[in-house]
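Asker: My structure is below; once you've seen it, I'll send some questions.
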Amino acid sequence: MNIKESIKPFRINYGEESASLLMAQELGSYKQHIFDERAKDGFRGCGYDWQSLAYVYLYEKCPQLKEKIKMDSEADMFCVYSKDKKALEDFAIGFHALCENETEMRDLFSRAELD
């Protein structure tokens with residue numbers, strides 16, 4: 001299985017000088033129940049909320065990538081990008097694995113703050 005298949009519903013777009021990890025259409029459905037658990041805190045499952053979770057993941061689980069990974073989400077799109085394509089792929093694989101382990105996702109999300 002290639003990386004594009006293994007990280008769905010996230011997708012990677014490769015450019016000449018950088019790569020991006022994106023999720024847009026699935027916002028509001030993929031793992032929405034976890035975001036709903038913190039609705040009283042203002043989380044809705046939008047791109048900014050995913051970015052808040054991604055920051056906790058980046059800083060706690062892969063701090064070696066902090067200088068290489070950038071985020072630029074919008075309300076209707078989660079977006080992570082990097083000039084280092086391998087670093088982005090490593091982030092994408094790990095972040096997807098986190099999201100598939102709801103216990104771990106909830107644990108990290110408990111420390112996420114609204115953007």
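Each value in this text was obtained by applying a stated rule to the coordinates, not by laboratory testing. Predicted model only: the values in this text are computed from it and were never measured. Virtual Cβ from ideal backbone geometry, glycine too; neighbours counted across all protein chains shown.
Asker: Among the residues of the stretch 72-89, which ones are closer than 16 Å to residue 16 by Cα and either free of Cβ contacts under 8 Å to residues at least 60 places away in the same chain or of a type in the set (Asp, Glu) (or both)?
Answerer: 84, 86, 87, 89
Asker: Where in the stretch 1-75 are the helices (runs of 4 or more DSSP H), entirely inside, with at least 1 residues that are among the hydroxyl-bearing types (Ser, Thr, Tyr), surrounded by 12 or more Cβ atoms within 10 Å (Cβ to Cβ) and under 11 Å from the mean Cα position of the chain (by Cα)?
Answerer: Once the helices (runs of 4 or more DSSP H) in the stretch 1-75 are filtered for at least 1 residues that are among the hydroxyl-bearing types (Ser, Thr, Tyr), surrounded by 12 or more Cβ atoms within 10 Å (Cβ to Cβ) and under 11 Å from the mean Cα position of the chain (by Cα), what remains is 47-61.
Asker: Does residue 40 satisfy the condition of being closer than 14 Å to residue 114 by Cα and without any contact (Cβ under 8 Å) to a residue 12 or more places away in the chain?
Answerer: Taking the combined requirement at face value, the residue satisfies it.
Asker: The conditions are (1) closer than 22 Å to residue 104 by Cβ; (2) free of Cβ contacts under 8 Å to residues at least 60 places away in the same chain; (3) of a type outside the set (S, T, N, Q), and residue 31 fails exactly one of them. Which is it?
Answerer: Checking residue 31 against (1) closer than 22 Å to residue 104 by Cβ; (2) free of Cβ contacts under 8 Å to residues at least 60 places away in the same chain; (3) of a type outside the set (S, T, N, Q), the one that fails is (2).
Asker: Please list, ordered by first then second residue, the pairs with beta carbon atoms under 9 Å, 6 or more apart or interchain, first in the stretch 47-71 and under 17 Å from residue 96 (Cβ atoms) and touching a residue at least 60 places away in the same chain (Cβ under 8 Å), second among the β-branched types (Val, Ile, Thr) and not in a loop (DSSP other than H, G, I, E, B).
Answerer: Listed pairs, sorted by first residue: 51/80.
Asker: Still on this model: Quick one: is residue 79 assigned to a strand (DSSP E or B), surrounded by 13 or more Cβ atoms within 10 Å (Cβ to Cβ) and not β-branched (Val, Ile, Thr)?
Answerer: Considered against the rule, which asks whether it is assigned to a strand (DSSP E or B), surrounded by 13 or more Cβ atoms within 10 Å (Cβ to Cβ) and not β-branched (Val, Ile, Thr), residue 79 comes out as yes.
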